[in-house]
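Heads up: the structure comes next, in structure tokens.
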Amino acid sequence: MQELQKLARLLVASDDSIIALLVGDNEEKLQFVAARGATVEVSMKEVSSAVLPLINGKGGGNDAFVQGGGERIMSGEEFLDRMREVVGE
């Protein structure tokens, strides 16, 4: 999880107009980080609230940066697709 957090922070620090959606997929659970650049208005808390129930997950954060994890009910790719849908990509 720390690696995902660090990468997300580096990405949004390098470009204030991006949204970073990162998912870690291992045999037992899914973990994710969602971060936004300074000029993006999409709430990462809304993204988290929308996708956490899909994996019976828990998480936390603020409008600019959230993290969470839960059961590996779907693949990491499927979960990332759901996150993209929430942000409108």
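No lab work stands behind these numbers, since they all come straight from the coordinates. All values derive from a computational prediction rather than experimental measurement. Neighbour counts are summed over all protein chains in view; Cβ atoms, including those assigned to glycine, are modelled from backbone coordinates with ideal geometry.
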* Which residues, taken from region 2-41, are more than 17 Å from A64 (Cβ to Cβ) and more than 11 Å from the chain's Cα centre (by Cα)? -> Q2, E3, D25, N26, E27, E28, K29
* Of residues in region 47-89 being among the acidic types (D, E) and under 17 Å from I18 (Cβ atoms), the one farthest from the chain's Cα centre (by Cα) -> E89
